Each structure stands twice: as C-alpha cells, then as structure tokens.
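Heads up: the structure comes next, in structure tokens.
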Amino acid sequence: LSMTAFYPVREKEKWGFADSTGKILIPCEYEWVDPFYEGVAAAGLDGKCGYINKNGTVAIPFKYDEGEKFSRGLAQIMSNGKTGLSNKAGDFVVPAIYDEIGEFRETRARVVKNGKHGFIDIMGSEVVPCIYESVGDFSEGLAYIQDTAGYGFVDREGRIVITPKYEWAEPFERGSARVKLNGMYGLISRGGKILLPCEYSYIANFSEGLALVVKDGKCGYVRRDGTVAVELKYEYNRTMLGESPFVNGRARVLLKDKFGMI
C-alpha cells in the first residue's frame with residue numbers, strides 16, 4: 001500500500017480513492033478528500049474533518065473543523081475555532097488553543113494566541129510567550145519580534161538579543177539583516193552591531209553578495225559586512241532600475257540618463 005499511488009475520485013457526489021488503473025481502493029463515501037501525505041489523508045464526513053489510512057480505516061476520528069496535511073509526523077487540526085498539532089494517532093502534541101501555527105524553522109514555530117505572537121518548540125512547549133505584536137521565523141538562531149517599542153530580536157529561548165527599537169526588521173541571512181529606523185534603512189549584525197547606519201532611503205535584497213543602496217538620490221552597492229563595494233555615484237530611478245541585482249557578475253546602472261552595465 002505504501003508504494004501504491006492513490007488518486008482522489010468522485011462518484012455520485014462522493015469522494016474516495018482509486019489506483020492508476022481506475023480500480024477503487026477506498027469507496028466513494030466522503031464529502032471531500034485531500035491527497036495522501038505520509039500515509040494518511042484528510043477527509044470530510046457529516047460536516048466534520050478526520051483522517052483515513054490507505055487501507056480505508058479511520059486514523060483520526062471525524063470530529064474536527066478542519067485539518068491540514070501531515071508533515072514530519074504532525075498535522076494542524078482545528079477544533080472549536082482553535083488550532084493545534086496532532087500526531088497520526090490523533091493525540092494532540094500541541095493543544096488546540098492557538099489562532100494560528102506556522103511552519104517549524106530551527107525547531108521553533110510561530111504561534112498566535114488571542115491576537116499575540118510567540119513560539120513553541122517541537123515538544124509543544126511555549127518557549128517564547130505570546131506577548132508580541134508580530135514575530136518572524138527563526139534564522140541563524142534569531143527571530144525578530146515586535147512590541148510597542150518596535151522591532152528587535154530574540155534567541156530560541158526567548159531572550160532579548162537585540163533590544164526592540166526599529167520600525168521594521170527582516171530575518172538574518174549570512175550574518176546580517178536589514179532594519180529601518182526613522183524612515184531610513186541600515187544593516188545590523190547578529191550581535192546588534194551597526195554594519196551600515198540607518199541613513200539610506202533604500203537597501204535592496206542581496207544578490208551575489210552585494211545589495212544596491214540609495215542615499216541622496218545616488219546609488220551604489222555594499223557587501224554584507226556593510227563595506228562599500230561600488231561607490232554611490234549612479235543615478236537611481238526605481239521605476240527603471242528596481243533593485244538592479246547582480247546577475248552573473250553584472251548589474252544595470254544609470255548615469256547621466258544613460259544605461260550601462262558594471
């Protein structure tokens with residue numbers, strides 16, 4: 001059964017599964033079905049969601065509001081308007097008390113409870129309490145959080161590593177993250193060190209190790225450590241240039257209203 005491909009089929013407004021020859025493997029008796037993932041499939045019966053095995057037996061009873069596909073042995077299941085994580089036996093590893101649960105990143109998943117954001121670990125423990133206005137996924141051991149003071153960063157245990165003060169922040173990538181303060185952009189390190197002060201009207205995404213930066217209408221390129229790779233001497237027109245990333249070692253530039261390549 002594990003090697004057999006199951007295809008959703010409908011007969012007389014009911015759903016079941018067939019193999020590649022059209023042979024019915026699971027009778028068409030469900031209101032809806034999702035494809036099989038990790039050996040089980042979500043299905044609907046009498047207005048409720050449950051899960052079935054490939055042999056057609058019920059894996060998780062039909063008593064829930066909604067259910068997502070299984071991934072790494074767990075699936076999000078909604079009950080009474082709240083979401084939790086269940087294993088294939090129907091046991092809730094994470095109780096259905098959250099408004100939303102994100103994907104696990106670096107053994108942590110974003111959760112929302114009563115409109116506030118935090119994190120749980122793979123055992124379901126709330127390691128970062130749901131006290132923040134918003135949070136981002138963990139990357140390189142840190143995640144941004146937002147409270148009334150602004151954006152900052154916490155480690156996987158919820159300890160504040162970079163004090164919230166920024167108007168915006170993004171996840172760390174290769175040791176740096178873009179931040180915004182007083183309407184201007186800059187770069188910081190994982191330790192909170194200022195790599196590039198928040199003096200730029202725009203910093204683009206990094207491409208091939210360089211990012212376009214704009215200041216006083218002029219643009220150039222910086223490295224991830226904040227050092228200038230290409231002097232800010234080119235004209236910037238966002239409509240015409242966009243982020244002007246480096247591709248195969250080259251990028252478009254604008255000088256004296258003429259385009260070129262560097």
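The values are calculated or read from the model by the stated rules, or taken from the named source; none is laboratory data. The shown structure was predicted, so the numbers you read here are calculated from the model rather than taken from an experiment. Heads up, the Cβs are rebuilt from the backbone with ideal geometry, glycines too, and the neighbour counts pull from every protein chain shown. To get the accessible areas, we keep the full protein, side chains included, count just its heavy atoms, and leave off ligands, DNA and RNA. Shrake-Rupley method; radii C 1.70, N 1.55, O 1.52, S 1.80 Å.
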- Message: Report D for region 215-262 in µm² per second (integer): Stokes-Einstein, Kirkwood Rh on Cα pairs, 4 °C, 1.567 mPa s.
- Response: 116 µm²/s
- Quick one: compute a quarter of the convex hull surface over the Cα atoms of region 73-192 and quote it in nm². 7.5 nm²
- Message: Can you find, among Val230, Gly84, Ser244, the residue sitting farthest towards the positive end of the charge dipole of the chain, where Lys and Arg contribute +1 and Asp and Glu -1 at Cβ?
- Response: Val230
- Would you please calculate the Kirkwood hydrodynamic radius of region 115-166 over all C-alpha pairs and express it in Å, rounded to one decimal? 10.8 Å
- Query: log10 I(q)/I(0), Debye, Cα-only region 106-257, no solvent, q = 0.15, 0.16, 0.19 Å⁻¹?
  - Reply: -0.78, -0.85, -1.05
- Item | Approximate spin-label separation Asp91-Ile194, in nm, with each point projected 7 Å along Cα-to-Cβ | 5.3 nm
- Message: If I histogram all Cα-Cα distances within region 37-97 using bins 5 Å wide from 0, what percent of pairs lands in each bin?
- Response: 4, 22, 34, 26, 11, 2, 0
- Pull up the cross-link candidates among the aspartates and glutamates for Lys54, meaning alpha carbon to alpha carbon under 19 Å and not fewer than 8 places away within one chain. Glu11, Asp19, Glu29, Glu31, Asp34, Glu38, Glu68
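Can you tell me how much longer the chain between Asp65 and Asp19 gets when fully stretched, taken as 0.36 nm per residue apart minus their C-alpha distance, in nm with one decimal? Please report the intermediate quantities before stating the final value.
Values: separation 46, 0.36 × 46 = 16.56 nm, distance 2.84 nm.
That works out to 13.7 nm of additional length.
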- Place a +1 charge on the Cβ of each Lys and Arg in the chain and a -1 charge on the Cβ of each Asp and Glu, then give the dipole magnitude about the Cα centre in debye, rounded to the nearest 20. 760 debye
- Message: Could you work out what % of the accessible surface of the chain is carbon and sulfur, using a 1.4 angstrom probe and leaving DNA, RNA and ligands out of the count?
- Response: 49 percent
- Message: Please compute the per residue accessible area over the chain with all protein chains in place, 1.4 Å probe, rounded to a whole number of Å².
- Response: 53 Å²
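Figure the gain on full extension for Thr227 and Ser201 (residue separation times 0.36 nm, minus the Cα-Cα span) and round it to one decimal in nm. It would help to have the intermediate numbers written out before the result.
Working: separation 26, 0.36 × 26 = 9.36 nm, distance 1.71 nm.
In short, 7.7 nm is gained.
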- Query: Once all Cα-Cα distances of the chain are split into 10 Å bins that start at 0, what whole-number percent is in each one?
  - Reply: 7, 23, 20, 18, 17, 12, 3, 0
- Would you please name the trypsin sites (Lys or Arg not before Pro) within region 125-230 that are DSSP coil residues with at most 13 other C-beta atoms within 10 Å of their C-beta? Arg159, Arg174, Lys193
- How much length, in nm to one decimal, is gained on full extension between Glu38 and Asp257, taken as 0.36 nm per residue of separation minus their Cα-Cα distance? 73.1 nm
- Message: If I model a spin label at Lys12 and Lys116 as a point 7 Å from the Cα along the Cα→Cβ vector, what separation in nanometres do I get?
- Response: 5.3 nm
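Suppose R0 equals 22 Å. What FRET efficiency, 1/(1 + (r/R0)^6) with r the Cβ-Cβ distance, do Ala149 and Ser125 give to the nearest 0.05?
Numbers: r = 26 Å, r/R0 = 1.19.
Given R0 = 22 Å and the Cβ-Cβ separation, E is 0.25.
Please compute the Kirkwood hydrodynamic radius over region 1-140, one decimal place, Å, based on all pairs of different Cα atoms.
16.1 Å
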